[in-house]
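One structure below.
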Amino acid sequence: MIAASGTGGHLFPAIATAEQLPQVKIEWLGVPDRLETQLVPTTYPLHTIEVGGFQQKFGLGTLRIFAKLLLSVLRVRKLLKKGKFQAVLTTGGYIAAPAILAARSLGLPVVLHESNALPGKVTRWLSPLCTRVAIGFEAAAQYLPRAQTVYVGTPVRAQFRTPSSLGLAIPPEAPLIVVVGGSQGAVSLNQMVRQCAPSWIDAGAWIVHLTGESDPEANRFSHPHYFGLPFYNNMAALFHRANLAISRAGAGSMTELAMTQTPSILVPYPYAAEDHQTRNAKVFADVGAALLFSQNLLTSEILQTKVLGLLRSPETLQQMATAAEKLAVPNSAELLAALVKNLMVENSDSKIHQDSHCKES
């Protein structure tokens with residue numbers, strides 16, 4: 001059973017890992033009306049349960065959430081028993097709680113993958129119950145002292161491993177700046193980018209600006225060398241082609257930047273839970289793979305100047321690309337898949353040994 005739900009940051013690593021388990025029968029656990037309902041059912045049977053987030057303060061809302069959690073655990077237990085599952089893999093988030101609790105109550109091994117440098121609440125609370133906790137950043141281990149952690153990186157889709165055709169009419173010799181706001185959007189960052197764009201274009205750059213779908217001024221700037229798009233399907237080709245990315249710092253984006261060796265300016269989403277995006281970005285900034293700016297301290301003047309400086313220094317961009325490459329784990333999906341398979345074998349051997357012992361007794 002794979003329990004992964006919500007955003008691409010949870011789903012894509014799980015899908016990439018599942019693709020490395022072709023001999024294993026896999027079923028999926030998700031939440032209604034989330035991204036998994038679009039991506040999963042064509043490949044894997046999908047089961048959905050209702051589960052909510054955890055409140056900051058104790059109150060009636062908290063009691064309702066715990067009641068819903070209990071019902072979710074009971075339903076997942078029933079699914080796991082009926083399907084005769086041998087292991088559970090989860091990539092964190094709210095769906096992880098009922099999956100972990102149900103699986104461990106049945107004695108099934110659980111692998112929890114945490115992609116962020118600062119693990120989320122569910123990971124910190126329930127990691128001691130898991131058989132193994134696979135981490136995407138080595139820095140995450142310090143926050144999980146009671147868990148058995150294994151550093152595997154974060155799995156990415158196969159297309160990020162090899163360059164492919166971009167599909168946009170951009171001259172091959174032109175410097176390309178890619179701007180990515182992430183799933184939470186980046187209206188204020190978008191505004192700064194549009195203010196800076198004329199100077200970057202004058203310096204010879206082309207720009208692909210993914211504005212998201214909630215920017216009311218998305219069409220305010222236009223130029224033949226500027227592509228303003230709400231989203232772009234082939235992010236792998238985009239990052240492979242980019243000379244520089246301006247991006248939020250979600251774990252998925254960070255992994256993709258490392259895999260494609262893309263220098264970056266990182267502006268963490270300021271309202272991310274516990275400011276975890278800043279922790280992710282700091283890992284890259286500390287080794288010279290990225291420049292890190294807090295959104296409330298960044299101005300269009302600063303952004304304009306920093307980008308122009310990097311465009312004029314190919315040596316610096318190459319050094320950043322080399323540093324990013326060192327953070328990549330190209331075989332992450334294989335490592336995580338092997339971890340799951342080994343635990344399944346160990347659990348199966350243990351059951352055979354127990355059954356044999358019971359018969360002898």
Just to be sure, is Glu274 on the phi > 0 side of the Ramachandran plot and at pLDDT below 95?
yes
Within segment 5-27, can you find the residues that are of a type in the set (A, V, I, L, M, F, W, C) and either more than 19 Å from Met235 (Cα to Cα) or free of Cβ contacts under 8 Å to residues at least 12 places away in the same chain (or both)?
Ala18, Leu21, Val24, Ile26
Between a residue in segment 194-212 that is closer than 14 Å to Leu168 by Cα and any residue that is among the aliphatic types (A, V, I, L, M) and assigned to a strand (DSSP E or B), which pairs come within a Cβ distance under 6 Å, given they are 6 or more apart or on different chains?
Trp206/Leu176; Ile207/Ile177; Val208/Val178; His209/Val179; Leu210/Val180; Leu210/Leu229
Long-range neighbours under 7 Å by Cβ, at least six apart or interchain, first residue over 18 Å from Pro32 (Cβ atoms) within segment 48-68, second modelled with pLDDT under 65:
Gly61/Gln55; Thr62/Gln55
Which residues, counting only those in segment 112-132, are surrounded by fewer than 24 Cβ atoms within 10 Å (Cβ to Cβ) and among the β-branched types (Val, Ile, Thr)?
Val122, Thr131
Counted residues, segment 28-40 - those being over 15 Å from Gly8 (Cβ atoms) and free of Cβ contacts under 8 Å to residues at least 12 places away in the same chain
1
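The values are calculated or read from the model by the stated rules, or taken from the named source; none is laboratory data. Only a predicted model underlies this, so the values are computations on that prediction, with no experimental measurement involved. Cβ: placed from backbone, ideal geometry, glycine included. Neighbour counts: every protein chain shown.
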